[in-house]
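The structure appears below as structure tokens.
What follows is calculated from the coordinates using simple rules that are stated; it is not laboratory data. Because the structure is predicted, anything quoted here is derived from the model rather than measured. Cβ coordinates were reconstructed from backbone atoms using ideal geometry, including for glycine residues, and neighbour counts include every protein chain displayed.
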Amino acid sequence: MSHITKDKAGKVSETAQDIGDKAKQTVQDAWGSAKDTAQNVKDNLLGKADKSKEAVKQNAEQVTKSMNTKN
């Protein structure tokens, strides 16, 4: 093979490697974002569920007190 052909083959190989590395990084970034988003959703939903649970508990206590005072 001539020197020019070897150089071009080497450049093509480097370019392919660079593209592969960039694609891998993009996938890793997307996966990290997806995990962070899922964790945020989970945290928000659990927080709201806890607040709702506490509100129901307080309302139940008020109803119980109200029923006890009427007897």
### Query
With axes computed from alpha carbons, what is the tilt in degrees of helix 3-70 against the longest principal axis of the chain, rounded to the nearest 10 within 0 to 90?
0
### Task
Choose one of Asn68, Thr5, Leu45: the residue whose Cα lies farthest towards the positive end of the charge dipole of the chain (beta-carbon charges +1 Lys, Arg; -1 Asp, Glu; about the Cα centre).
Asn68
### Task
Could you please state, rounded to a whole Å, how far the C-alpha centre of region 42-64 is from the C-alpha centre of region 1-24?
60
### Query
Equivalent-ellipsoid semi-axes (√(5λ), Cα gyration tensor) for the chain, whole Å, largest first?
68, 4, 4
### Task
May I ask you to list the lysines whose Cα is less than 17 Å away from that of Lys51, ignoring any residue fewer than eight positions away on the same chain?
Lys42
